[in-house]
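Colleague: The structure is given below, and queries will be raised subsequently.
The values are calculated or read from the model by the stated rules, or taken from the named source; none is laboratory data. All of these numbers come straight from a predicted model, not from anything done at the bench. Every residue, glycine as well, gets a Cβ built from its backbone with ideal geometry; the counts of neighbours run over all protein chains shown.
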Amino acid sequence: MMVIQSCLTIVFDGRFFRAVAERRDGKYYAVASVVLGSSAPSMPTILNLVNRHWQLFSFQQATSQQPRLVKHVNPKRAQRLAQKAMKTVGISTKAQATLQRQLEQRKQQRHKRKAAHRKVCQETRYLQRVKKHREKHRGY
């Protein structure tokens with residue numbers, strides 16, 4: 001039986017509130033982040049995000065060193081663990097590292113896209129310049 005665990009954390013990073021979703025399914029671990037805005041999100045907004053707009057989360061796969069075994073947990077212990085998790089503030093360092101790697105990948109893709117666009121623009125300007133030069137020297 002495969003168990004899927006999810007954790008949604010709302011974090012204020014100084015300017016914006018972010019929703020950081022962590023997902024564990026079997027031996028895989030993935031993290032996604034969505035910017036919620038500058039004002040504190042209300043509970044209906046969060047529920048709407050989770051229930052209706054889950055596709056906004058683009059999960060980034062993290063490399064897992066060892067799979068975690070999920071075993072049956074006593075309901076009282078599960079409740080205690082949930083309360084303890086609610087008291088801790090922030091997201092895990094593994095999630096932060098994965099989000100940082102995702103940010104770096106997006107940055108590299110953006111740079112490649114800009115370089116290709118710059119090259120195309122430069123080529124078209126060169127062709128226009130050559131065309132104008134040839135029109136000036138037609139020989140009439």
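Colleague: Report whether or not LEU49 is assigned to a helix (DSSP H, G or I), in contact with a strand residue (DSSP E or B) (Cβ under 8 Å, 6 or more places away or on another chain) and either at pLDDT 85 or above or surrounded by 11 or more Cβ atoms within 10 Å (Cβ to Cβ) (or both).
Modeller: yes
Colleague: Has the range 83-93 got any residue that is of a type outside the set (A, V, I, L, M), surrounded by 10 or more Cβ atoms within 10 Å (Cβ to Cβ), modelled with pLDDT under 85 and under 30 Å from ARG18 (Cβ atoms)?
Modeller: yes
Colleague: Further question: On the given criteria, is LYS112 charged (D, E, K, R) and either touching a Pro at 6+ places or on another chain (Cβ under 6 Å) or at pLDDT below 85 (or both)?
Modeller: no
Colleague: Next question, about the same structure. If I ask for residues that are exposed (fewer than 15 other Cβ atoms within 10 Å of the Cβ) and closer than 21 Å to LEU81 by Cα, which ones from the range 12-25 would you list?
Modeller: ASP25
Colleague: Contact list please: Cβ distance under 9 Å, first residue in the range 78-89 and within 17 Å of GLN5 (Cβ to Cβ), second residue among the small types (Gly, Ala, Ser) and in a loop (DSSP other than H, G, I, E, B), pairs at least six apart or on different chains.
Modeller: Once the first residue is within 17 Å of GLN5 (Cβ to Cβ) and sits in the range 78-89, no partner that is among the small types (Gly, Ala, Ser) and in a loop (DSSP other than H, G, I, E, B) comes close enough.
Colleague: Under 6 Å between Cβ atoms, which residue pairs at least 6 apart in sequence (or on different chains) link something in the range 26-41 that is crowded, with 19+ Cβ neighbours inside 10 Å with a partner that is modelled with pLDDT of 85 or more and among the aliphatic types (A, V, I, L, M)?
Modeller: These pairs meet every condition: ALA32/ALA21; SER33/VAL20.
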